[in-house]
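> Take this structure first; my questions come after.
The values are calculated or read from the model by the stated rules, or taken from the named source; none is laboratory data. Being a predicted model, the structure only gives us computed values, none of them experimental. Ideal geometry is used to build each Cβ from the backbone, glycine not excepted, and the neighbour counts take in all protein chains shown.
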Amino acid sequence: MLRDITGCAEESIEVDPGARLDSIFERYAGQFPRFKELRSSIVLASNHQFCDRSEIVREGDEIAFLPPVSGGSGRYTQQIFDSEPGHFFALTREPIDTAGIAKQLLQGVDGALVNFEGVVRNNTKGRPTEFLDYECYEPMAIKTMAEIGRELAAAHAISRIAMVHRLGRMQVGETSVAVIVTAPHRKPAFEAALEGINRLKRTVPIWKKEHFTDGEIWVEGEWDESVLKK
């Protein structure tokens, strides 16, 4: 959404010593009035971490303006694998191999495997959908997914968790995101999978554009309240 407004995905700028993040935001708001309208829902990040607008900018910082979430080479463009205990987080532009990931996670101690898949439906509130495009801030997205997964593993009695999101163009019926959880018992597996997809959709910087027969639109979601307090 912001890329469409500015006409670019990134650029390098120089700022005065001691400048704060909010001054950079105001710089763009002065150029693009639409930024002012979106101010309350745009979150700022510095070097792949959510941050407060009052934070001072330093030489070489990478600053990102993130609108509300919708929610390389090889199979995965980004991936994090925790060898112990075996959690897996990834971004891909290819179909998600949920069966293969589940096999990778499952252990002899597990009595439950929950596989949640979010799929592309053929309409939004009755408006026919042709296909979807997903884009994201990849370096930060993969780190945030891993943080969520590790927190879930610490809070629920589960064995392993995997979170994988697909990017690029997806057709109706294709899987866009998967949260897979293994555990000795079913209740914590279900709870962790549900909390996982809910948190992913509200805190991971991934955006969705819906293409209809009569137009297209970037889906405006909403940030988790804890992110907005940054």
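> What strands (runs of 3 or more DSSP E), lying completely within segment 170-230, carry at least 1 residues that are among the charged types (D, E, K, R) and either surrounded by fewer than 19 Cβ atoms within 10 Å (Cβ to Cβ) or at pLDDT below 90 (or both)?
206-212, 215-218
> Could you list all residues from segment 77-113 that are more than 16 Å from Y137 (Cβ to Cβ) and aromatic (F, W, Y)?
F81, F88 - these are the residues of segment 77-113 that are more than 16 Å from Y137 (Cβ to Cβ) and aromatic (F, W, Y).
> Of all residues in segment 46-59, which are part of a loop (DSSP other than H, G, I, E, B) and either under 24 Å from the mean Cα position of the chain (by Cα) or among the polar types (S, T, N, Q) (or both)?
Selection gives N47, H48, C51, D52, R53, S54, E55.
> Give segment 26-37 a look and list any residue that's in contact with a strand residue (DSSP E or B) (Cβ under 9 Å, 6 or more places away or on another chain) and modelled with pLDDT under 90, or say none.
Selection gives F35 alone.
> Output the number of the condition that E117 fails; it satisfies all remaining conditions of (1) on the phi > 0 side of the Ramachandran plot; (2) in a strand (DSSP E or B); (3) not aliphatic (A, V, I, L, M).
Here E117 clears every test but (1).
Table: residues versus (1) assigned to a helix (DSSP H, G or I); (2) within 27 Å of I217 (Cα to Cα).
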position	(1), (2)
C8	no, yes
E11	no, yes
V15	no, no
F25	yes, yes
A29	yes, yes
L44	no, yes
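> Oh, and also: Looking for something part of a loop (DSSP other than H, G, I, E, B), in the same structural domain as E191 (by TED's automatic domain parsing), under 20 Å from the mean Cα position of the chain (by Cα) and surrounded by fewer than 16 Cβ atoms within 10 Å (Cβ to Cβ) - is there at least one such residue anywhere in segment 104-112?
No, because not a single residue in segment 104-112 is part of a loop (DSSP other than H, G, I, E, B), in the same structural domain as E191 (by TED's automatic domain parsing), under 20 Å from the mean Cα position of the chain (by Cα) and surrounded by fewer than 16 Cβ atoms within 10 Å (Cβ to Cβ).
> Can I ask one more? Are any residues in segment 142-163 surrounded by fewer than 24 Cβ atoms within 10 Å (Cβ to Cβ) and assigned to a strand (DSSP E or B), and if so, which ones?
Selection gives R160 alone.
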